[in-house]
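Shown next, in structure tokens, is the structure this report addresses.
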Amino acid sequence: MARTVWDSTVGKKTVMAVSGLIMLLYLVVHMIGNLKIFFGAGEFDHYAHWLRTVGEPFMHYEWTLWLVRIVLVVAVVAHATSAYQLSRRDIKARPSKYLHKKARASYATRTMRWGGIILGLFIVWHILDLTTGTVHAGGFQEGHPYQNVVDTFSTWYGNVIYIVAMLALGLHIRHGFWSAAQTLGAGSRTRDRALKTVANVLALLLTAGFIAVPVGVMTGVVS
């Protein structure tokens, strides 16, 4: 039964929609947490430490954080896999006249495709930069996330990578939220305008919220 659902186009679109909403929920929480950096190093570092102790003593140290990470990894893989397979299925379904003449993809399709690739590459860089410290500029300090963030956004390339990725994220959310609503049956002729407004507001708030951090470091508000 599960295999039959996954093999269907509707099933893949549903997986894409649900996994996308899971990631969206995480992004809202993550953005709110990031904005704590404007309250100083003590507040931000304390928040980062709290993430590792959520659920104690029932949950062991970092167990809740790892549970969230696992859910996110599953969501990202499911989202990317279903998107890729739907894209391949769409190409195969095109009329034969497109075999030698490439059809022009819609703006939304191109945005989602390239935005997804950019975000995928960004996730890898972001983890290597601020989680493992592998590509971190300067000396990565375990247990001092505030200083690590300041170090990253004190470099021109750190700012460029992050801001470009967040702009791509905003466009991805703008189209993806509305598309997910349609897939899950929330859309209708009377609700479409409201859903598009919510999508635009979410995209704007998340983009602005995330970009506020590097801008804060660049302007000296965060130092």
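Laboratory data are not the source of any read-out in this text; all were calculated from the coordinates shown. Please read these numbers as outputs of a predicted model, since none were measured by experiment. Using ideal geometry, Cβ is built from the backbone for each residue, glycine included, and neighbour counts are taken over all protein chains shown.
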Quiz item: Over the chain, one equal point on each Cα, no solvent: what is log10 I(q)/I(0) by the Debye formula at q = 0.09, 0.14 Å⁻¹?
Solution: -0.45, -0.99
Practice problem: For an R0 of 22 angstrom, estimate the FRET efficiency from the Cβ-Cβ distance between V28 and Y61 and round to the nearest 0.05. | Solution: 0.30
Quiz item: What does the helix-only formula give at 222 nm for the chain: each DSSP H stretch with n ≥ 4 adding -39500 (n - 2.57), the total divided by the residues, and the result rounded to the nearest 500 deg cm²/dmol?
Solution: -25000 deg cm²/dmol
Exercise. Compare the peptides 179-186, 71-78, 52-59 by average per-residue count of other Cβ atoms within 10 angstrom and give them in order, highest first.
Key: 179-186, 71-78, 52-59
Practice problem: Please name whichever of V150, A194, A180 sits farthest to the positive end of the charge dipole of region 109-223, dipole taken about the Cα centre and charges placed at Cβ: Lys and Arg +1, Asp and Glu -1. | Solution: A194
